[in-house]
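Structure record follows, encoded as structure tokens.
Values quoted throughout were computed directly from the atomic coordinates according to the rules given, and no laboratory measurement underlies them. Everything quoted here is computed from the prediction, not taken from an experiment. No Cβ is skipped: glycine too gets one built from the backbone with ideal geometry, and neighbour counts run over all protein chains shown.
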Amino acid sequence: MMVNIEEKKDFKHASLAFVKSHQPTLLVTATATYIPVDQFKLIFSEIADWVNRHKIQKLIFDKRQLTVFHQPSMEWYFVEWKEKMFEFGLNRHVKILPADEVFRQSVKIGRNKINVAFPDGKFHKMDILYAESLEEAIEL
């Protein structure tokens with residue numbers, strides 16, 4: 001499957017690409033094994049601008065390069081950033097996780113902690129899905 005990229009921006013630890021598909025989609029690809037929290041917030045601030053400008057409805061976050069799980073980044077992403085994106089109409093988040101089972105388990109534990117700590121978060125109303133490939137993520 002060929003991915004049709006319309007616009008791209010590179011950061012030190014990730015890249016953004018506007019994917020032309022059946023719904024406005026933004027692809028975030030981790031390009032490093034770890035994204036420091038300050039860079040993570042900078043990247044996702046830029047994503048917010050793209051979501052607003054392009055009326056993005058689906059975000060694909062390809063985390064396959066990551067080897068370090070960072071709970072504070074995940075909590076900020078769920079509790080603060082996703083709250084704002086929900087208001088912009090971004091309602092589908094698709095994650096492509098690394099094959100590493102320890103990383104995957106860390107994500108699961110981290111999500112459970114956030115779910116319990118923030119039972120009224122708007123992220124509960126979003127479609128949060130997981131895929132094993134970019135092609136599968138685009139189809140979801």
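Points 7 angstrom from Cα along the Cβ direction at Lys12 and Glu87: gap in nanometres?
In this crude label model, Lys12 to Glu87 measures out at 3.0 nm.
If you stretched the chain out fully between His124 and Thr33, how much longer would it get, using 0.36 nm times the residue separation minus the C-alpha to C-alpha distance? Before the final figure, lay out the partial values.
Numbers: separation 91, 0.36 × 91 = 32.76 nm, distance 2.79 nm.
Result for the pair: 30.0 nm of gain on full extension.
Lys122: which lysines have alpha carbons under 23 Å from its alpha carbon, excluding same-chain residues fewer than 8 sequence positions away?
Candidates past the 8-residue exclusion: Lys41, Lys55, Lys58, Lys63, Lys82, Lys84, Lys95, Lys108, Lys113.
Whole-Hz Karplus ³J(HN,Hα) for the range 61-66, in order, using 6.51 cos²θ - 1.76 cosθ + 1.60 and θ = phi - 60°, x for Gly and Pro?
Per residue, the Karplus-derived 3J(HN,Hα) values read 10, 8, 9, 4, 7, 6 Hz.
Taking only C-alpha pairs under 8 Å that are 6+ residues apart, what is the relative contact order of the chain in percent?
22
Whose amide H sits under 5 Å from the amide H of Phe61, counting only residues 5 or more places off or on another chain, with H placed in the peptide plane?
Correct list: Val28, Val94, Lys95, Ile96.
Quick one: Karplus J couplings for the range 92-104, per residue in order, coefficients 6.51, -1.76, 1.60, θ = phi - 60°, nearest Hz, x for Gly and Pro?
10, 10, 10, 10, 10, 8, x, 5, 4, 5, 5, 4, 4
Evaluate E = 1/(1 + (r/R0)^6) for Gln23 and Glu75, where r is the Cβ-Cβ distance and R0 equals 25 Å; express this FRET efficiency to the nearest 0.05.
0.35
For Ala117, what charge total do you get from the other residues with a beta carbon under 12 Å from its beta carbon, if Lys and Arg give +1 and Asp and Glu give -1?
0
Give me the dipole magnitude in Debye, nearest 20, for the range 67-140 about the Cα centre, with unit charges on the beta carbon: positive for Lys and Arg, negative for Asp and Glu.
280
Let me make sure I get this right: for the chain, a, b and c are the square roots of the gyration tensor eigenvalues over alpha carbons, sorted descending. Under 1.5 in a/c it's rounded, otherwise prolate if a/b > b/c, else oblate. Which is it?
Rounded.
Per 0.36 nm of contour for each residue apart, how much would the distance between Ile109 and Ala48 grow if the chain were fully extended, relative to their Cα-Cα spacing?
Taking Ile109 through Ala48 to full extension adds about 19.3 nm, to one decimal.
Under the classification rounded if a/c is under 1.5, otherwise prolate if a/b is larger than b/c and oblate if not, where does the range 77-140 fall, given a ≥ b ≥ c as square roots of the Cα gyration tensor eigenvalues? All intermediate terms of the calculation are to be shown ahead of the outcome.
Working: a/c = 2.68, a/b = 1.19, b/c = 2.26.
Oblate is the answer for the range 77-140, as a/c is 1.5 or above yet b/c matches or exceeds a/b.
Divide by every residue of the chain the summed helix terms, -39500 (n - 2.57) for each DSSP H run of at least 4, and state the resulting mean residue ellipticity at 222 nm, rounded to the nearest 500 deg cm²/dmol. Present the calculation step by step, with values, prior to reporting the outcome.
Numbers: 5 runs with 54 residues, N = 140.
It lands at -11500 deg cm²/dmol.
Karplus couplings for the range 35-43 from phi (6.51 cos²θ - 1.76 cosθ + 1.60, θ = phi - 60°), rounded to Hz, Gly and Pro as x?
Calculated HN-Hα couplings, in order: 10, x, 4, 5, 5, 4, 5, 5, 4 Hz.
Let me check I've understood the local charge: for Arg64, count other residues with C-beta under 12 angstrom from its C-beta, Lys and Arg +1, Asp and Glu -1. What total comes out?
Neighbourhood net charge equals 0.
If you put +1 on each Lys and Arg Cβ and -1 on each Asp and Glu Cβ, how big is the dipole of the range 5-139 around its Cα centre, in Debye rounded to 20?
Dipole of the range 5-139, to the nearest 20 debye: 180 debye.
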